[in-house]
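Inspection log for the structure reproduced underneath, given as structure tokens.
No value in this document is a laboratory result; all are computed from the given coordinates. What you see is a predicted model; the values in this text were computed from it and never measured. Using ideal geometry, Cβ is built from the backbone for each residue, glycine included, and neighbour counts are taken over all protein chains shown.
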């Protein structure tokens, strides 16, 4: 072992001991109290409150209401950070394209047959999670991640040339991602445009009628709560996530011949 | 009964701190770039677990319930009972954002490590003098 | 006693995760280190479920046991497999 390794190990052990001492004697706050913090009590009170619609979000699921309605701007900027990472990945591999006209290789026929049975089931389960995100645990990211796992299974068992043959090129995946982002923008300013055209006031990301403005998105659908803007946000976010993450994985799966054309061999020191 | 629960929860929190220390040691002391990447993902997972443990609560009888209403409430007493039994939903919303941002940064890091290997010929930080 | 059962299960899962983290950092074969990291993520997912956070479990499982080990194995295939 080198001397630097031993020094790092000793300092990490001292860090762990110090933090544990602080926590056992209550220095970082109490663990598992009986009363919640006032902010949590306020959010839980107003997540579905038909007697005070002016403060409420009308969705039985508290976590989705906080993510998309009470703190909606945080989630909007997180979606754009994901978009910036995908754009950076495209810029690193610029100029590389999947080879055209090659017949698809892929794994053996046993793997292909069993993937043909399993992948549609995973896609349907992911779509179902995205649809009922406002009634039960689920939502946009959860559904999108499930569907991305199914798409990567298809990309590995068949090959990425198979995607090229079925007209699902890299540009089309990027277009799916941009359609999802556009849908988010349109839904978030819908009530604002409506108020400008018909007179009155409205806010961005507005869900239910507020003190100054009487416009609202629909909150019931036939006999179930629909929670207005949360349903549409979940749908568009799942489309955006499946496009972006599949594009990232396909870019990392490119073959060596295509990469050599853009990097051009090594210049070792 | 309640002191035993406090002891177990404190031990779980100390295990998260030990995981943070071990993964930080892995990031600093191991020479391979892929090992540093794996240890970095373990580090960010352990820090997220801190926030979720802070949101836990204790109820006078039984175990707390999730922050989802099973059916639309018919009276004000239903709402009061829900508020007195549910866990804190705010840390869960923050951790959801943190997990997605961590995934985005990790995918970009993998692309960078791949190009680093193609250019320099090795993924060991002790063999390459930049 | 029966209402402390979830907390006892979370305690056991936390101890297993410490062992898995130490083995993942010590290992020289990168493929086995990825496997230990996925085992640690499974223990964490069990802890999140017992702490009443189902939304986090539904994001954490595909991300940390599905996509991240996948791109790590692609990286190992294109670079080196053994450390040093």
Taking a ≥ b ≥ c as the square roots of the eigenvalues of the Cα gyration tensor, with a/c under 1.5 meaning rounded and otherwise prolate when a/b exceeds b/c and oblate if not, the range A:48-122 is oblate
State, to one decimal in nm, how far the label point of residue B:105 lies from the label point of residue A:257, with both points 7 Å from Cα in the Cβ direction.
3.9 nm
Relative to the present Cα-Cα distance, how much length would full extension add between residue A:37 and residue A:53 at 0.36 nm per residue of separation?
3.5 nm
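Rounded to whole Å and sorted largest first, what semi-axes of the equivalent ellipsoid does the C-alpha gyration tensor of chain B yield via the square root of 5 times each eigenvalue?
Values: eigenvalues 377, 76, 9 Å².
In descending order, the three semi-axes are 43, 19, 7 Å.
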Between the range B:78-99 and the range B:2-20, what is the separation of their alpha carbon centroids in Å?
21 Å
May I ask you to give the average projected area over all directions of the convex hull of the Cα atoms of the range C:5-78, in nm² rounded to one decimal?
4.8 nm²
Once each part is reduced to its C-alpha centroid, what is the distance from the range A:28-91 to the range A:100-166 in angstrom?
29 Å
Quick one: Debye curve from the alpha-carbon atoms of the protein assembly as shown only, equal weights, vacuum; give me log10 I(q)/I(0) at q = 0.08, 0.09, 0.12, 0.14 Å⁻¹ to two decimals.
-0.55, -0.70, -1.16, -1.41
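Where does the range A:138-269 land on Rg/Rh, using Cα atoms and the Kirkwood Rh?
On the way: Rg = 21.1 Å, Rh = 17.8 Å.
Ratio value, two decimals: 1.18.
I'm a student and want to see the number: the projected area of the Cα convex hull of chain A, averaged over all directions, in nm². Spell out each step's value before the answer.
Details: hull surface 96.9 nm².
Quarter of the Cα hull surface area: 24.2 nm².
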One can check that the equivalent ellipsoid of the range A:12-137, built from the alpha-carbon gyration tensor with semi-axes equal to the square roots of five times its eigenvalues, has lengths in Å, largest first, of 42, 28, 19
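Stretched out fully, how many nm does the piece from residue B:75 to residue B:112 gain, at 0.36 nm a residue minus the Cα gap? Let's see the in-between values first.
On the way: separation 37, 0.36 × 37 = 13.32 nm, distance 5.66 nm.
Full extension of this stretch gives 7.7 nm more.
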Neighbour counts of other C-beta atoms within 10 Å: give me C:22, A:51 arranged from fewest to most.
A:51, C:22
Contact order relative to length of chain B, as percent, for alpha carbon pairs under 8 angstrom and 6 or more apart
25 percent
How many angstrom lie between the Cα centre of the range B:21-62 and the Cα centre of the range C:1-77?
10 Å
For the pair residue C:84 and residue C:26, how long in nm is the line joining their label points, each one 7 Å along Cα→Cβ?
1.5 nm
